[in-house]
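Written below as structure tokens is the structure these notes are about.
The values are calculated or read from the model by the stated rules, or taken from the named source; none is laboratory data. Since the model is a prediction, treat every value here as computed from it, not as a measurement. Cβ sites come from the backbone with ideal geometry, for glycine too, and all protein chains shown count toward neighbours. With ligands, DNA and RNA removed, areas are computed over all heavy atoms of the protein, side chains included. Shrake-Rupley method; radii C 1.70, N 1.55, O 1.52, S 1.80 Å.
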Amino acid sequence: MSKYIIKRLLLFIPSALGILLVVFVLVRLVPGDVVAAMAGDASVSEADRQIIQRQLGLDRPLVVQFVVWFGNVLQGDFGQSIWEKRPVVDMLKERIPRSLELTAIAVTLGVVWGITLGVISAIRRRTLVDYVVRVISIAGISLPSFVTGILLLYLMLKLFHWSPPVFYETIWANPGSNLVHQMLPAMVLGFAAAAPIARLTRSSLLEVIGEDYMRTARAKGLSERVVIMRHALKNALLPVITLSGGLVAGLLGGVVIVEAIFVIPGMGTGLIDAVTQRDYPALQAYVIVMSLIYLTVNLLVDLSYGLIDPRIRYG
Amino acid sequence: MHRLAFDLPNLDIHAQLAAQVSTGLGGIYESLIAQDEENPQVLIPSLAESWKFSQDGKILTFVLRKNVKFHDGSSFDGADAKASLDHALDPKVASPRAGSLTRPFIEKTELVDPYTLVVHLKSPNVAVLQALASRWVAILPVELIEDQAKREQNAIGTGPFILKSYQKNVSMEWVKNTQYWNPQLPYLDGVKFAVIRDESAAQAALASGTLMSGGGGDPENAKVLRAAARGRLVQKIVPGQYPPSILLNPDRPPFDNPKVRKAIFLAVNRQDVGARSRGNIYELGYLHAGIYGEYAIPLEELLKTPGYRQPKDQDILEAKALLKEAGFPTGFNLKVLVRNAAGLPEDSQVVVPQLEKIGVVGELEIVEATAGLARVQSHDYAMAIQGLSQLTTDPGLSMQGAFFTNAFAAWKSPPEIQSLLDQQFAATDPVKRRELLHQIQRYFLQGETGIIHLVWGSTIGLHWDYVKGPIDAGFQGNPYSRVWLDR
Amino acid sequence: MTEGKSDVARQWRIPSARRRLLARVLQGLAKLGPLGIGSLVIIIALIGVAVFSALLANYGPRELAGPRLAPPDSTFWMGTDSFGRDTYSRLVLGARLSLYVGLVSVTLGVAAGLVVGVVTGYLGGKLDLIGQRVIDSMQALPSLVLALTLVAVLGASVNNVVIAIAITIIPGSARVFRSRVLAIKEATYVDAAIASGASHLRIMVVHVVPNLMAIVFIVFSLDLGRAILAEASLSFLGLGSPPDVPSWGGMISLGRRYLVAAPWLALFPGIAISLTVYAFNLLGDSLRDALDPKLRSR
């Protein structure tokens, strides 16, 4: 077991390094002159341009730039934002918690809805309920979050004259306002996440229900509901956990879109800003942080998977 | 609570460019003189109690207000004023608005005594007062002028409100300055701003009453919002200072031929651009009649001018004939450079299809705003669509900034037109100045400069009816000092 | 697919080639089930619309055909947008863009994924190890984030959107193909081929790839839905194709600004994109069930 954990932890490192390299190379390829972006509408002389480039270390060979940058990132220094003129780390500190909270609520909603729907549809298999749940769950995968998000926003405004709060307040400062702000976008993301979870819960439950120990449990005279809740669900949830980890990648992409629609100043809107403002240090930081979150979640999922089901051995 | 449509990159007002900045810092900083909130053409005292020109019109003397305190408690005097102006004038600072407004006119500043500031002009000029009244030419304490980092992170002014909190990308809050030099102002205890870049989110917040005022976006949306609010949402049309224009590069074929430039000038349907892209609230002409009144060519004359005539049939016929003479009987294809900024992609989606009527088929090349800026500035285009804003309320400054000294157009002003511009700046007689400005406008209306002004797009301001006073002050920002709530 | 062919041939000993083909199609359809057939109908209709879009459209995509923000009526079936362009015509022409971007990017992405998956999986060793790490790193970037960054790198144009989406497809498909190649490698016919002295290239092309065809179809169909969605997402964020090119995502983005005054602007393209992605997902699902039941629990 511990060997597996160590091996899994060691695998994390090359992947993380790979991400840093991919991001560094990608961002260097972005066209548009950093100096021009910094200067705004003002014109810059060639001499000034060279001074600024030297200050930013842009005149050194790429390999040197990478090593320097890499060392800084390891120390948690992502450089200075070109646009906001302050350390990128400060921006991350503000934005990461907002997006993480959104993602956490969305995953929770998705798992709760998904498992509930999956169980219902497994118990009532081949009935109208099952059919409806399946149609809904494929809809959840197919409906783009910008469509469901806009629809939800429109309906709330039309029916209840309600619009999301315009001031983002942290959960510590004002839990009520914070939750109201995060709930709609989390629901949109959660709906998308619930769909695959529901489908997987259904199919793995059906698989488990057919197994021997289930027949034994039923033979002992336990009711179908108890059988499913106590015995089947526990075993059926393993693949669901794995899937939920994988869903985080999709959710982080979705965060970009719902944050834009519901005006949440998180990493998603930060990323779009960084792209449009050509704020490379910020852009690199957002992409790296999002990827590391994904890697970490998957690491945790893999580890917990091994803990939950000791039968599993990895070669 | 009010909407800020953009966040500020930082708080250094001298380094700012965007019109929204003057809103975000409008109640914090003050200039030597100010524009009246109801009528920006009227100048009123601010940090200077009075001012006067010398006999030859080349020296401008300001008597500064005493007993004014900055928000940090320090006293304001001439050293602050001189340092601020010198900072804006410093070419090394390259201040995009404060500097570009003042640098062309001001030779140097001089402090005679702690409360008398003398400004030496390069030549007699009546427009410099409007430039100095602009919110961008703000007066900061010396300690902020000397410390860039501090200036970017703090706003310490003399204005009616003090910056209480500023959360980047989220909100800004002002509180009443109880030490304000005018004890009657401000009326409000504070002002809150929310940074909402998304138009539909802002509309929803306005409709639900979360926002008291803000931009209403498209007039059609505003109409629906007002109907839903049963008339309690008040609409005000704010004249815009952003003139989207077609720029033709006279150094590149086919636009090296003046006939081709004129053909494009004729074929463009400006009224259609105003209707489809600017929501039918717009003004025509090279000078904004809604702001400059008689300095602008009257609308009746404009509508008889080729290029502005409706219906367009005659213009299109003449344009085709010109293209034929220039050797393009069936038109030509080209790429149109458009920066992704301030409604330009929208304008281009109306204007470019219009040109297909004379066989000119344009392919939009939409470039990200900063990357595009470099290309427009280096005239790396045959045809571009670009705004030529100069945020000022002086007619001469407006024309100069938009058409003579902008970095985007490849057109060079011929000496006789340049001389007209110089003459009108020195003209103390308004009737003579008007005549000179009309001559300059008529020159552009001949349509061969390659600067094809489209429209002045106005914007809609919406506020709830309990908000009273000058609330939508437009591009010059708003100190909110005379706004009050009736409820 | 090769296995299916021999099955059918054995089952229906009918000489007529045409009848045999018909039978195969019918049998294939039966395997897809009602939902699969339904999605196939939607997709065929969509392809029809895309192919004949020039005929179906009443106006040009950039044509300022009517008054702005006109509600749906007999002239403008789905109303007009804020410029006065016909929403119906743009929707129909947008189908072509969606399908074009989808088909080309998925073809490129799956083809590249196939090469990477087959080569690394078959040859194994250090190459495989490095390949796996690169794929891991690429997969850790959320695909929309990767596509966004790539479009920022390449510049916003239709073809660059295609390239960006194709790149996001490579790691996932390469991984699926590789795992399948590992299984095929153990098959006796591969051993036999090696014994007969065939080159690695020949084995990969002749023996490995044909056996991957079923799974290629499944991956292709599932990724098509994703690619079309990715194109719409990029356009929605204003980072895709230029705004005068009719794209469903771009239309929704424009419609969003007129949600209170003209809700239909976002509604119709919203339905179109949802239905399309739905159909491709459903088809991929049904294909998976029909062709490769083992993949089901994945």
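Among the residues that make up segment A:182-200, is at least one of them within 14 Å of chain B (Cβ to nearest Cβ), open to solvent by 20 Å² or more (accessible area, probe 1.4 Å) and part of a helix (DSSP H, G or I)?
no
The conditions are (1) within 24 Å of the chain's Cα centre (by Cα); (2) surrounded by fewer than 22 Cβ atoms within 10 Å (Cβ to Cβ); (3) not assigned by TED's automatic domain parsing to the domain that holds B:Gly396, and B:Gly293 fails exactly one of them. Which is it?
(3)
Taking segment C:125-165 as the region of interest, how many residues are open to solvent by 50 Å² or more (accessible area, probe 1.4 Å), under 18 Å from C:Gly249 (Cα atoms) and facing chain A (nearest Cβ under 9 Å)?
Of the residues in segment C:125-165, 1 are open to solvent by 50 Å² or more (accessible area, probe 1.4 Å), under 18 Å from C:Gly249 (Cα atoms) and facing chain A (nearest Cβ under 9 Å).
Being within 12 Å of another protein chain (Cβ to nearest Cβ), in contact (Cβ under 8 Å) with a residue 12 or more places away in the chain and open to solvent by 30 Å² or more (accessible area, probe 1.4 Å), is that true of even one residue in segment B:229-247?
No, there is no match, as no residue in segment B:229-247 is within 12 Å of another protein chain (Cβ to nearest Cβ), in contact (Cβ under 8 Å) with a residue 12 or more places away in the chain and open to solvent by 30 Å² or more (accessible area, probe 1.4 Å).
Which of the residues that make up segment A:162-177 are touching a Pro at 6+ places or on another chain (Cβ under 7 Å) and more than 7 Å from chain B (Cβ to nearest Cβ)? Talk me through it step by step, then tell me what you get.
Filtering segment A:162-177 for residues touching a Pro at 6+ places or on another chain (Cβ under 7 Å) gives A:168, A:177.
Of everything in segment A:162-177, just one residue is touching a Pro at 6+ places or on another chain (Cβ under 7 Å) and more than 7 Å from chain B (Cβ to nearest Cβ), namely A:Ser177.
For segment C:153-171, indicate whether the set of residues that are touching a residue at least 24 places away in the same chain (Cβ under 8 Å) and assigned to a loop (DSSP other than H, G, I, E, B) is non-empty.
yes
What residue, among those in segment B:205-225 that are open to solvent by 10 Å² or more (accessible area, probe 1.4 Å) and farther than 18 Å from B:Tyr466 by Cβ, is farthest from the other protein chains (Cβ to nearest Cβ)?
Across segment B:205-225, the extreme among qualifying residues is B:Gly215.
For segment C:256-278, give me the residue count where each residue is within 8 Å of chain A (Cβ to nearest Cβ) and surrounded by 22 or more Cβ atoms within 10 Å (Cβ to Cβ).
Qualifying residue count for the region: 7.
State the number of residues belonging to segment B:76-106 that are free of Cβ contacts under 8 Å to residues at least 60 places away in the same chain and closer than 13 Å to B:Ile145 by Cβ.
Result for segment B:76-106: 6.
Only one of (1) open to solvent by 50 Å² or more (accessible area, probe 1.4 Å); (2) of a type in the set (Gly, Ala, Ser); (3) assigned to a helix (DSSP H, G or I) is not met by B:Ala275, so which one is it?
(1)
For residues that are within 24 Å of B:Lys192 (Cα to Cα), more than 14 Å from chain A (Cβ to nearest Cβ) and not aliphatic (A, V, I, L, M), tally how many sit in segment B:126-162.
Of the residues in segment B:126-162, 7 are within 24 Å of B:Lys192 (Cα to Cα), more than 14 Å from chain A (Cβ to nearest Cβ) and not aliphatic (A, V, I, L, M).
Within segment A:276-303, track down each residue that is among the β-branched types (Val, Ile, Thr) and surrounded by fewer than 24 Cβ atoms within 10 Å (Cβ to Cβ).
The answer is A:Thr276, A:Ile288, A:Val289, A:Ile293, A:Thr296, A:Val297, A:Val301.
Tally up the residues in segment B:338-365 that are crowded, with 23+ Cβ neighbours inside 10 Å and outside any helix (DSSP H, G or I), please.
Total satisfying the criteria: 4.
Let's see how each residue does on (1) closer than 28 Å to B:Asp347 by Cα; (2) modelled with pLDDT under 90; (3) assigned to a helix (DSSP H, G or I); (4) open to solvent by less than 20 Å² (accessible area, probe 1.4 Å):
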position	(1), (2), (3), (4)
C:Arg68	yes, yes, no, no
C:Thr75	yes, yes, no, no
C:Met78	yes, no, no, no
C:Gly94	yes, no, yes, yes
C:Gly109	no, no, yes, yes
C:Ala112	no, no, yes, no
C:Gly117	no, no, yes, yes
C:Thr120	no, no, yes, yes
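Out of all the residues in segment B:116-123, is one or more open to solvent by 20 Å² or more (accessible area, probe 1.4 Å), under 30 Å from B:Arg434 (Cα atoms) and part of a loop (DSSP other than H, G, I, E, B)?
Scanning segment B:116-123 turns up at least one residue that is open to solvent by 20 Å² or more (accessible area, probe 1.4 Å), under 30 Å from B:Arg434 (Cα atoms) and part of a loop (DSSP other than H, G, I, E, B).
State whether one or more residues within segment B:329-337 are assigned to a helix (DSSP H, G or I), open to solvent by 20 Å² or more (accessible area, probe 1.4 Å), farther than 26 Å from B:Gly396 by Cα and of a type outside the set (Asp, Glu).
To start, the set of residues in segment B:329-337 that are assigned to a helix (DSSP H, G or I) comprises none.
No; the residues of segment B:329-337 include none that is assigned to a helix (DSSP H, G or I), open to solvent by 20 Å² or more (accessible area, probe 1.4 Å), farther than 26 Å from B:Gly396 by Cα and of a type outside the set (Asp, Glu).
Select, from A:Ala249, A:Ala236, A:Ala232, A:Ala260, the only residue that is modelled with pLDDT under 80 and at the interface with another protein chain (Cβ under 8 Å from one of its Cβ atoms).
A:Ala249
Out of B:Tyr308, B:Tyr292, I need the residue that is of a type in the set (Phe, Trp, Tyr), within 25 Å of B:Tyr242 (Cα to Cα) and outside any helix (DSSP H, G or I). Which one?
Working: B:Tyr292 fails: outside any helix (DSSP H, G or I).
None of the others qualify; the one that does is B:Tyr308.
Looking at B:Gln446, B:Gln424, B:Gln377, B:Gln400, can you tell me which residue is surrounded by fewer than 21 Cβ atoms within 10 Å (Cβ to Cβ), away from every other protein chain (no Cβ under 14 Å), among the polar types (S, T, N, Q) and farther than 25 Å from C:Leu237 by Cβ?
On the way: B:Gln424 fails: surrounded by fewer than 21 Cβ atoms within 10 Å (Cβ to Cβ); B:Gln377 fails: away from every other protein chain (no Cβ under 14 Å); B:Gln400 fails: surrounded by fewer than 21 Cβ atoms within 10 Å (Cβ to Cβ).
None of the others qualify; the one that does is B:Gln446.
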